[in-house]
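Single-structure report; data block below.
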Amino acid sequence: MDTDTRNQEPGTKNQEPRTSRVVYTVPFVDPGKLYAMIKPELDAAYHEVMSKGDLIMRGQLSAFERNLAAFVGTKYAVGLNSGYDALHVSLIAAGIGPGNEVIVPAHTFLATASAVVNAGARPVLVDVSPDFNINPDEIEEAITSGTKAIIPVHLNGRMSDMDAVMAIAQKHNLAVVEDACQSLGAAFNGRRAGAVGLTGCWSFYPFKILGGYGDGGAITTDDPEVARKATLLRYNGEDRETGEYHYHGFTCLLDNLQAAFLDVKLRHLPDWISRRRAVAEAYRKGLGDLDGLALPHYGAPGFEDVYQNYVVRTKRRDALYDYLKEKGVETLVHWRRPYYSYKALGLEDRGYPETEAICRESISLPLNVEMSDDQQDYVIKTVRGFWRQ
Ligand SMILES: Cc1ncc(COP(=O)(O)O)c(C=O)c1O
């Protein structure tokens with residue numbers, strides 16, 4: 001029995017498996033298999049939290065925050081409920097609000113722009129480069145007297161050119177909020193994603209590189225005021241020590257149980273990133289010669305990518321999708337339509353050719369830490385089979 005899942009795709013976030021009864025030889029992700037790989041550690045974390053009754057803002061959360069900050073290379077990390085909350089809270093903590101404009105890439109998950117709208121400001125869109133990240137050459141012409149911040153998004157496990165973004169931000173006195181939701185562990189010129197701008201925003205949505213068992217997120221920052229404000233905002237503006245209210249805040253903190261699970265997974269992250277790079281390299285070797293297939297290896301110096309998504313581009317994208325599905329390889333088309341094209345969102349569409357081409361041409365091959373070498377080789381063999389037809 002087959003379910004056509006394509007219609008469900010426009011609503012998907014990255015790395016989200018679709019509801020489907022197809023049994024894939026290579027599923028896009030296999031959370032049950034990943035659980036089996038580290039079951040004793042996750043079960044021990046669960047038992048500790050449950051037996052102690054450590055549910056809200058306990059030691060597991062602060063331990064995870066410490067370890068995350070150390071991994072990213074910042075002084076502080078503040079656990080939140082989602083990547084969206086990390087963006088929203090960052091903007092508010094940076095003083096962004098009504099009357100302000102914030103520059104965001106035209107190609108990203110909608111949450112990047114929605115956080116700006118929900119902070120009361122206006123997103124101003126800028127097209128991306130062929131590496132899927134904001135095109136620094138187009139940022140300055142989008143800056144007006146109302147511009148207060150830039151949100152570079154490090155998409156698919158690759159950082160934006162932060163040297164260029166930071167130079168523009170300094171010149172125009174703009175805050176930089178990094179949407180690093182897809183790039184934990186990635187680096188550019190020796191600095192990790194989430195450690196360069198005012199804040200780094202993280203999502204621990206289950207299918208991220210570091211995924212929880214429900215929603216989760218965090219901010220990383222070196223700024224003590226931003227860390228303090230985010231800590232208050234995540235819990236209704238209340239200072240938990242004194243009981244005083246300082247802001248109209250939210251209820252958006254990272255659950256203690258999720259923090260405990262994430263802390264377990266964080267210990268495995270360096271190995272998992274190596275594994276992701278090894279699979280990406282196998283794909284590069286196995287598919288690099290195919291005519292008309294663009295792989296996500298850009299060769300620019302200074303970038304250390306972590307391959308949250310292995311997004312390839314071809315003019316025959318829809319036929320490739322159908323062929324791979326029939327052969328048992330589950331792929332994902334992240335966004336078939338640019339988010340700004342949805343009229344209900346009221347965003348300005350000034351025409352963004354690279355974003356539009358990406359929506360037509362891109363497709364993600366399965367790449368995760370739980371896949372076997374045999375599955376990796378099957379993906380290569382099957383993609384090559386499509387090119388041989
Ligand atoms: C680039 C990007 N920004 C923001 C988000 C929002 O994160 P969350 O789903 O945790 O709210 C995501 C995750 O889906 C993302 O991929």
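The values are calculated or read from the model by the stated rules, or taken from the named source; none is laboratory data. From a predicted model like this one, the values you see are computed outputs, not experimental measurements. Note that we place each Cβ from the backbone using ideal geometry, even for glycine, and neighbour counts take in every protein chain shown. The accessibility values were calculated without ligands, DNA or RNA, using every heavy atom of the protein model including side chains. Shrake-Rupley method; radii C 1.70, N 1.55, O 1.52, S 1.80 Å.
Residues are listed down the side, and each one gets a yes or a no for (1) among the hydrophobic types (A, V, I, L, M, F, W, C); (2) more than 17 Å from residue 340 (Cβ to Cβ); (3) in contact with a helix residue (DSSP H, G or I) (Cβ under 9 Å, 6 or more places away or on another chain):
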| position | (1), (2), (3) |
| --- | --- |
| 106 | yes, no, yes |
| 112 | no, no, yes |
| 119 | yes, yes, yes |
| 124 | yes, no, yes |
| 127 | no, no, yes |
| 132 | yes, no, yes |
| 136 | no, yes, yes |
| 142 | yes, no, no |
| 146 | no, yes, no |
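The set of residues in the range 258-310 that are within 27 Å of residue 164 (Cα to Cα) and more than 18 Å from the chain's Cα centre (by Cα) comprises 294, 295, 297, 298, 299, 300, 301, 302. Hey, any hits in the range 128-137 for a residue that's more than 29 Å from residue 274 (Cβ to Cβ) and within 16 Å of the ligand (Cβ to nearest atom)? Looking through the range 128-137, none of the residues is more than 29 Å from residue 274 (Cβ to Cβ) and within 16 Å of the ligand (Cβ to nearest atom). Pairs are defined by a Cβ separation below 8 Å, a sequence spacing of at least 6 or placement on different chains, a first member in the range 44-62 that is among the polar types (S, T, N, Q), and a second member that is at pLDDT 95 or above and open to solvent by 40 Å² or more (accessible area, probe 1.4 Å); the pairs so defined are 60/48; 60/257.
Of all residues in the range 317-358, those satisfying the criterion of being open to solvent by 40 Å² or more (accessible area, probe 1.4 Å), in contact (Cβ under 8 Å) with a residue 60 or more places away in the chain and within 23 Å of the chain's Cα centre (by Cα) are 336, 337, 345, 353, 354.
Screening the range 210-225 for residues that are within 11 Å of the ligand (Cβ to nearest atom) and not in a strand (DSSP E or B) and picking the one that is farthest from residue 75 (Cα to Cα) gives 214.
Taking the range 85-122 as the range and being over 14 Å from the mean Cα position of the chain (by Cα), within 13 Å of the ligand (Cβ to nearest atom) and open to solvent by 10 Å² or more (accessible area, probe 1.4 Å) as the test, the residues that pass are 88, 114, 118. When residue 140 is tested against (1) open to solvent by 30 Å² or more (accessible area, probe 1.4 Å); (2) within 16 Å of the ligand (Cβ to nearest atom), just one condition goes unmet, and that condition is (2). If you go through the range 237-290 and keep only what is over 23 Å from residue 156 (Cα atoms), touching a Phe, Trp or Tyr at 6+ places or on another chain (Cβ under 9 Å) and surrounded by fewer than 19 Cβ atoms within 10 Å (Cβ to Cβ), you end up with 237, 238, 239, 250, 251.
Restricting attention to the range 143-166, the residues being away from the ligand (no atom under 12 Å from the Cβ) and outside any loop (DSSP other than H, G, I, E, B) number 9.
For the range 276-299, residues that are assigned to a loop (DSSP other than H, G, I, E, B) and in contact (Cβ under 8 Å) with a residue 12 or more places away in the chain total 8. Restricted to the range 50-83, and to residues there that are assigned to a loop (DSSP other than H, G, I, E, B) and open to solvent by 40 Å² or more (accessible area, probe 1.4 Å), the residue that is nearest to residue 206 (Cα to Cα) is 81. Cβ-Cβ distances below 8 Å connect the following pairs, each with a first residue in the range 373-389 that is at pLDDT below 95, a second residue that is open to solvent by 20 Å² or more (accessible area, probe 1.4 Å), and a separation of six or more residues or different chains: 389/323. Tally the residues that are of a type outside the set (S, T, N, Q) and more than 9 Å from residue 159 (Cβ to Cβ), restricting the search to the range 173-192. Total meeting the criteria: 9. With respect to residue 266, determine if the residue is modelled with pLDDT of 95 or more and either of a type in the set (S, T, N, Q) or not in a loop (DSSP other than H, G, I, E, B) (or both). The answer is yes for residue 266. As a summary of the residue check, residue 47 satisfies the conditions (1) more than 16 Å from the ligand (Cβ to nearest atom); (2) open to solvent by 20 Å² or more (accessible area, probe 1.4 Å); (3) touching a helix residue (DSSP H, G or I) at 6+ places or on another chain (Cβ under 6 Å) except for the one numbered (3).
Looking across the range 173-209 at every residue that is near the ligand (Cβ under 10 Å from one of its atoms) and hydrophobic (A, V, I, L, M, F, W, C), the one that is farthest from residue 146 (Cα to Cα) is identified as 207.
Evaluating residue 209 against the criteria (1) under 29 Å from residue 277 (Cα atoms); (2) in contact with a Lys or Arg (Cβ under 9 Å, 6 or more places away or on another chain); (3) open to solvent by 30 Å² or more (accessible area, probe 1.4 Å) leaves one unmet condition, (3). Quick one: residue 348 ticks every box in (1) at pLDDT 95 or above; (2) over 24 Å from residue 314 (Cα atoms) bar one, so which box is it? The failed condition is (1).
Assigned to a helix (DSSP H, G or I) and more than 26 Å from residue 205 (Cα to Cα): which single residue out of 169, 86, 115 fits that description? I'd like the intermediate steps shown before the answer.
Details: 86 fails: more than 26 Å from residue 205 (Cα to Cα); 115 fails: more than 26 Å from residue 205 (Cα to Cα).
Exactly one residue qualifies, and that residue is 169.
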